[in-house]
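Step one of this worksheet: look at the structure below.
Derivation of every value follows stated rules applied to the coordinates shown; laboratory data play no part. All figures in this text were calculated on a predicted structure; none of them were measured in a lab. FYI the Cβ positions are ideal-geometry reconstructions off the backbone, even for glycines, and counts take in every protein chain you see.
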Ligand SMILES: [Zn+2]
């Protein structure tokens, strides 16, 4: 169910930035560690967007790989399953370098003028 609250957060953010203009595309960066199911997120986004400037907007989701960073030797590596030890130096003083993203990267707005209408 956390896709529903994420969808609300996206729509709120975009509505704030759109300033009343109709939004056509919302680009999203989603880190793998967020464990978001893209189809589910899209479903809830459409639902939450109804009646807002986001209604009918396309949601583009860029999935960001999970990476860890070793603070001892500065090595950065990609992980599939969380394993919190550096494979390069064996150090355990590591931090998440990426994979926790959940942010609206960009939005596209419909032109104010009516295009193709006379
Ligand atoms: Zn290391």
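For the range 52-101, what class follows from the C-alpha gyration tensor (a ≥ b ≥ c being the square roots of its eigenvalues): rounded when a/c is under 1.5, otherwise prolate if a/b is larger than b/c, else oblate?
Working: a/c = 4.55, a/b = 3.66, b/c = 1.24.
Prolate, since a/c reaches 1.5 and a/b exceeds b/c.
Would the chain count as rounded, prolate or oblate if I go by the C-alpha gyration tensor, calling it rounded below 1.5 in a/c and otherwise prolate when a/b exceeds b/c, oblate otherwise?
Details: a/c = 3.66, a/b = 2.57, b/c = 1.42.
Prolate, since a/c reaches 1.5 and a/b exceeds b/c.
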Distance in Å, no decimals, from the C-alpha centre of the range 1-23 to the one of the range 29-63 is 9
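Nearest 5 is fine: what % of DSSP beta bridges in the chain come out antiparallel, could you say? Write down the numbers at each step before the final one.
Values: 14 of 21 bridges.
Of all bridge pairs located within the chain, approximately 65 percent are antiparallel.
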Residue exposure sequence - 37, 79 - by fewest surrounding Cβ within 10 Å: 37, 79
For every helix of n ≥ 4 consecutive DSSP H residues, a contribution of -39,500 (n - 2.57) applies; sum these over the chain, divide by its total residues, and give [θ] at 222 nm rounded to the nearest 500 deg cm²/dmol. -8000 deg cm²/dmol
Label-point separation, residue 60 to residue 80 (7 Å along Cα→Cβ), nm: 2.9
Working from Cα positions, state the angle (0 to 90°, nearest 10) between the long axis of helix 38-49 and the longest principal axis of the chain. 40
